[in-house]
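The values are calculated or read from the model by the stated rules, or taken from the named source; none is laboratory data. Note that this is a predicted model, so its numbers are computed, not measured. Virtual Cβ from ideal backbone geometry, glycine too; neighbours counted across all protein chains shown.
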């Protein structure tokens, strides 16, 4: 039995099929962990959602910012542009079934046996394992409850940009959501910066660092797998593993086997010719 973590698919279903063929994925014995952003910007988000859902217990996904955008649109909160790719989902006959499934997914997955955390963007540095899991559960409870529409209406915004235990209500939920699904850089005080998504090699500021370079409260034996950052080179940054190969932008779709000591990487090239994205996400 193998466990593979897979970076942002973003509607690149054709590449996903090629990647699963390359790793010889068998849903009867193997498991896939997706790092979020199954949808948007590619041409095959509907096929991607249907496929991942059809895998049942052989796959799980954490929620990314684009997945949350889709859910917000489904609930009538129109604060982002409806792309043609998302429109296909919103007009599909199985829309409600797919959205109910997606809304039931988590912000964070923790595997105790392999000492692995899977998130879309990252873990805020001052959060330990217990705190991160509890905060993710706060948002997940809201997503799955009768006040989910209220959550989506209040979800958007860059403030507050620094964590405080005293945050309450929609501000608290917004920060938690942003940290798990949008975070890249933060300053020395722990304040999040959402203005850029360039790689650290191109964004050289002494007062800003990638979140994974800050002093972390997580136990030293935990590995963190994340996506979201297409301009960040794929690879291992200490115990933090970047899996977004920018497939939708002409890069790669990435899988990392995590159930053995060798941590084998697998790649397939994108068929798209779009240039790598440098805009805000």
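Computed quantities for the displayed model
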| item | result |
| --- | --- |
| Criterion (at pLDDT 95 or above, at positive phi, surrounded by fewer than 19 Cβ atoms within 10 Å (Cβ to Cβ) and out of contact with any helix residue (DSSP H, G or I) (no Cβ under 6 Å at 6 or more places or on another chain)) met by exactly one of 56, 128 | 56 |
| Test result for residue 237, surrounded by fewer than 18 Cβ atoms within 10 Å (Cβ to Cβ), farther than 30 Å from residue 29 by Cβ and touching a helix residue (DSSP H, G or I) at 6+ places or on another chain (Cβ under 6 Å) | yes |
| Any hit, region 95-110, residues being over 18 Å from residue 144 (Cβ atoms) and in contact (Cβ under 8 Å) with a residue 40 or more places away in the chain | no |
| Residue within region 159-180 that is more than 18 Å from the chain's Cα centre (by Cα), surrounded by 15 or more Cβ atoms within 10 Å (Cβ to Cβ) and at positive phi present | no |
| Residues satisfying the stated conditions in region 197-208, i.e. surrounded by fewer than 17 Cβ atoms within 10 Å (Cβ to Cβ) and either within 17 Å of residue 177 (Cα to Cα) or in contact with a strand residue (DSSP E or B) (Cβ under 7 Å, 6 or more places away or on another chain) (or both) | 207 |
| Residue 106 vs. criteria modelled with pLDDT of 95 or more, closer than 24 Å to residue 257 by Cα and in contact with a strand residue (DSSP E or B) (Cβ under 7 Å, 6 or more places away or on another chain) | yes |
| Residue count for region 233-270, restricted to those that are within 22 Å of residue 65 (Cα to Cα) and assigned to a strand (DSSP E or B) | 10 |
